[in-house]
Structure formats: structure tokens, C-alpha cells
1. Among 20, 43, 8, which is the only one that is closer than 30 Å to residue 148 by Cβ, of a type in the set (Ser, Thr, Tyr) and part of a helix (DSSP H, G or I)?
2. Select from the range 119-167 the residues that are of a type in the set (A, V, I, L, M, F, W, C), at pLDDT below 80 and crowded, with 20+ Cβ neighbours inside 10 Å and write down the one among them that is farthest from residue 65 (Cα to Cα).
3. Restricting to the range 1-55, name every residue that is modelled with pLDDT of 80 or more and within 30 Å of residue 94 (Cβ to Cβ).
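The values are calculated or read from the model by the stated rules, or taken from the named source; none is laboratory data. Computed from a prediction, not measured in an experiment: that's the story for all the values here. Using ideal geometry, Cβ is built from the backbone for each residue, glycine included, and neighbour counts are taken over all protein chains shown.
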Amino acid sequence: MDWISPLSGLVGALIGGGASLYGGRAQVRAQLDLKNAEMVAASAEQEDAERGRIAAALGPRLLELTRVYRAVGAEFSDGRENPDWPMLVMDAELAALEIPDRELRELMADALKAVEHWSSSFRNVNGRPSRLIPVVLDHLMQCLFAWRRGDELPEPSQAFENAQESWMLWIDEHSHP
């Protein structure tokens, strides 16, 4: 019977050591999971802050372009340009370059380039204010704030698709001598 006490002590020590080892590993795993969750949350907060900063920089520029177009586009009938317009478009183009989302950045760049060329006097070929500019600016604003919220970019309206088609025709007409 002398062997039962040492055997039960050995079994108890092995069970206790195994439980301690398993508990220690579980605790380390839990700490790693917590740190990973904290890093993901911090990364999400940084991304949200970055989206907010970019939207706060670009949104007012798009709004200012819309405001200037509405204030000037309908008034000028003799073909004069608004002298601030090229700088306003350039400011928006520069702000759009900071967008990390490639799809949105390219959409903004292409659309603002189109706005820049269409706006030589806010007129279309018939001498009336171009209706493409506010359509494009409205779509860009919707896309910017959908991206800001983390939503998918909205589908372009028929008017925006017509504006894109018009832009492609303009490029074709002016790129060939």
C-alpha cells in the first residue's frame, strides 16, 4: 500500500501541471485575441477618421463647384468664364487624389477632368448652360459620401451615363487631328 500514496501524488501533480499548462495557453490565446481585436478596432477607427478627413476636404470643394455653376452658369450669356472655376476644379482634383479607394479615385479624376473641359463657358454647343456639370457633380457627391459611410458606390443614373458618353464623344472628336 505504500505505492498508492506516491502514485496518487504523481497523478495529481501530472493533472495539476497539465491543467495549469492548458490554462496558461488559453490565457495567452485570449490575450492575443484581445490584442488582435483591439488592433482591428484601432485600424477601423483610423480608416474611418481618414475617410472623414478626405470627405471633409473634398465635399465642400464639390459643393462649391455646384454653387458656382448654379450662380454663374445660368447668368452668362456672352460666353465669359468664371475666373475662379479652373482653380476650383483643380482644388477638387487634387483633393480627390488622396482617396485610397482606386475605383472612386479614378471616377473622380475622370469626371472632374470632364467638368473642366465642359465648363469653358458653361455652355454646350447650342449656347445653353451645360446640364452635364450638375449631373456629374451630384453623382460625385453621392459616391463620395457612400464611400465615407462604407457603403457600395451608387449606380450611376441615366443622366450620368449620358454625361460619360458625351465626354467620350468629346474626347474622340478632340483627340484626332
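1. Details: 20 fails: closer than 30 Å to residue 148 by Cβ; 8 fails: closer than 30 Å to residue 148 by Cβ.
Answer to the check: 43.
2. Residues of the range 119-167 that are of a type in the set (A, V, I, L, M, F, W, C), as a first pass: 122, 125, 132-133, 135-137, 140-141, 143-147, 153, 159-160, 163, 167.
Filter again for at pLDDT below 80, leaving 122, 125, 132, 163, 167.
This time we only want the ones that are crowded, with 20+ Cβ neighbours inside 10 Å, so: 122, 132, 163.
Working: 122: 12, 132: 13, 163: 17 Å.
Looking at the filtered set, the residue picked out is 163.
3. 45, 46, 47, 48, 49, 50, 51, 52, 53, 54, 55
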